[in-house]
1. Is it the case, given these coordinates, that GLU313 is among the charged types (D, E, K, R), touching a residue at least 12 places away in the same chain (Cβ under 8 Å) and over 20 Å from LEU290 (Cβ atoms)?
2. What is the one condition in (1) assigned to a helix (DSSP H, G or I); (2) touching a Lys or Arg at 6+ places or on another chain (Cβ under 6 Å) that GLU151 does not satisfy?
3. Those residues that are assigned to a strand (DSSP E or B) and in contact with a helix residue (DSSP H, G or I) (Cβ under 8 Å, 6 or more places away or on another chain), I need them from the range 325-369; list them, please.
4. Given the criterion in contact with a Phe, Trp or Tyr (Cβ under 9 Å, 6 or more places away or on another chain) and surrounded by 15 or more Cβ atoms within 10 Å (Cβ to Cβ), identify the matching residue among GLY29, GLY49.
5. Exactly one of (1) modelled with pLDDT of 95 or more; (2) in the same structural domain as ALA34 (by TED's automatic domain parsing); (3) touching a strand residue (DSSP E or B) at 6+ places or on another chain (Cβ under 9 Å) is unmet by GLY199. Its number?
6. Going by the conditions given, is GLU91 without any contact (Cβ under 8 Å) to a residue 12 or more places away in the chain and over 15 Å from ALA149 (Cβ atoms)?
7. Just the residues that are farther than 18 Å from ILE150 by Cβ, buried (at least 20 other Cβ atoms within 10 Å of the Cβ) and touching an Asp or Glu at 6+ places or on another chain (Cβ under 9 Å), please, taken from the range 54-84.
Amino acid sequence: MLAEAAAAPRPPAAPLPPVKTRSLLVHVGREAMACEFEVVLNAGQHKQGTDAAVAALDLVDRLEAQLTVYRDDSEVSRLNQRAADEAVEVESRLFELLLQAKTLSQLTAGAFDITSGPLTKVWGFYRRQGKMPSPDDVAAALAKVGSQAIELDEARQTVRFGRPGMELNLGAIGKGYAIDRAAGLLLTEGVSDFMIHGGNSSVLASGSRQLDVNASSNSDAVAANDEQEPPIEQAAKQDNAATGWTVALRHPLRPDHRLAEFKLFDQALGTSGSGTQYFHHQGKRYGHILDPRTGWPADGVLSSTVIAPTAAEADALSTALYVLGLDAAREFVAQHPHISALLTTQGSRAGVIELHPLNLPDDRWRRLE
């Protein structure tokens, strides 16, 4: 009987249910605006995806040529050269950007200001070489700062500076604006699921990262793909709901560590911090994010991350909340419920930091360490 039982045919095994895993990604990148811009697509989802991504990066190149202050022939440089003497007509989308920047300056009580270029120069950060200025130099530069003195004529689409020596620098909003424009081009081309980042500090996510129900037999390929992902990691949650895109935030004191993860659904994220540009003077550290109201480097916050509907808004407000500090940032977010933020500050012990989520739902983020 034992032999007969052993020889009896086994019933067919029930098939294992498919396992949802992260699918492979296509990365299309290019150097622009002094950083790496990258479009991330679900592999095989959009036939025209790669061509559209290249076109989006071509647009970023054109926008850099228009917005940069490091080329004398850019539209913004020409504006800086002439607008103190006469009203200068500008391209319509650039005018809209300047109008948005002035509005954001008003909303943040001047903590965000695109006229702070003279301060950046006097502190040496214009060429990424920090130096300690004299109080007189700071005061002289500060006299040239103030977005309220930008005269914008909507009917004529012209710009004029109300103070001598004023100049515009769109460094705190330009990357986000370029990402928004690139995203608009992708959507126009029918590409709905993608992520774009500029230098890993400015991100826009559209749609979702695909979950592949057949990828369980191809785990080696998935792992290899994960190793090639940029420092802001894309990782979809394995559930039946819309997955969005997940991005990770670097630790402000240990940039080789990830501090937190955010889940983005048709949203943008911007992060500001002074972890890479700073100098020491007489034992004190001075970062490159300057307070346009005082002329001195902002202090008290290690990093500021903002989630907003657009990348331009996320970029500008991450800088503004960094400058405002924790208490004022908390008040600002309470007054603008479409904004979420995570600020980090120094903890009670060296090397320990505190995280301060502001209007950030528990199911949209988690701390990693």
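The values are calculated or read from the model by the stated rules, or taken from the named source; none is laboratory data. In this text the structure is predicted, and so the values were computed from the model without any measurement. Here Cβ is always computed from backbone atoms with ideal geometry, including for glycine, and neighbour counts include all displayed protein chains.
1. Values: among the charged types (D, E, K, R): yes; touching a residue at least 12 places away in the same chain (Cβ under 8 Å): yes; over 20 Å from LEU290 (Cβ atoms): yes.
For GLU313, the condition - among the charged types (D, E, K, R), touching a residue at least 12 places away in the same chain (Cβ under 8 Å) and over 20 Å from LEU290 (Cβ atoms) - is met.
2. (1)
3. Within the range 325-369, the first condition is being assigned to a strand (DSSP E or B), and the residues that meet it are 340-346, 353-358, 365-367.
Listed by number, the residues that qualify are SER340, ALA341, LEU343, THR345, HIS356, LEU358.
4. Numbers: GLY29 fails: surrounded by 15 or more Cβ atoms within 10 Å (Cβ to Cβ).
Checking each option against the conditions leaves just GLY49.
5. For GLY199, the failing item is (1).
6. Details: without any contact (Cβ under 8 Å) to a residue 12 or more places away in the chain: no; over 15 Å from ALA149 (Cβ atoms): yes.
No; evaluated as a whole, the condition is false for this residue.
7. Those that are farther than 18 Å from ILE150 by Cβ, buried (at least 20 other Cβ atoms within 10 Å of the Cβ) and touching an Asp or Glu at 6+ places or on another chain (Cβ under 9 Å): ALA56, LEU57.
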